[in-house]
Amino acid sequence: MVVPDGPVAVAFRRAIDILLPPGLPERHLGLAGPGLPATSEIALVPRHPQTGELWPCDAGAVVPLAADVWTYLAFHDERRLVPAAYGMPAGVRRSGRRQTSQL
């Protein structure tokens with residue numbers, strides 16, 4: 001099974017290598033769905049979160065994934081969030097308004 005480098009490989013390559021015996025015909029696994037055309041023989045597609053319907057594609061085999069898992073794999077950004085140098089000032093609410101002290 002050929003799995004392209006990236007989040008799909010991190011999630012599935014090791015399990016595929018362990019579960020599939022060597023010597024099978026080469027097949028390609030990839031993502032297909034909104035914004036991504038089916039370019040592999042086996043496509044990982046999102047399942048609609050409300051209806052459960054699978055994203056339609058022309059791949060030979062379709063593997064459904066939960067929509068949030070598929071979105072993470074398809075559009076995951078490798079950048080790490082960096083904490084701000086300073087936290088929220090004391091007395092500032094999440095709405096952005098300052099609390100007034102009761103003197």
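The values are calculated or read from the model by the stated rules, or taken from the named source; none is laboratory data. Small disclaimer: the values here were computed from a predicted structure and weren't measured. A quick note on method: Cβ atoms are made from the backbone with ideal geometry, for glycine too, and the neighbour counts reach across all protein chains shown.
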Residue under evaluation residue 46, criteria (1) over 13 Å from the mean Cα position of the chain (by Cα); (2) closer than 17 Å to residue 71 by Cα; (3) of a type outside the set (A, V, I, L, M, F, W, C), criterion not met: (1)
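Only one of these is modelled with pLDDT of 90 or more, among the β-branched types (Val, Ile, Thr) and surrounded by 15 or more Cβ atoms within 10 Å (Cβ to Cβ): 45, 3. Name it.
Values: 3 fails: modelled with pLDDT of 90 or more.
Only one candidate passes the filter, namely 45.
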Residues located in region 25-42, provided they are surrounded by fewer than 16 Cβ atoms within 10 Å (Cβ to Cβ), over 18 Å from the mean Cα position of the chain (by Cα) and touching a residue at least 12 places away in the same chain (Cβ under 8 Å): 26, 27, 28
Residues of region 1-32 satisfying the condition of being among the charged types (D, E, K, R) and farther than 20 Å from residue 59 by Cα: 14, 17
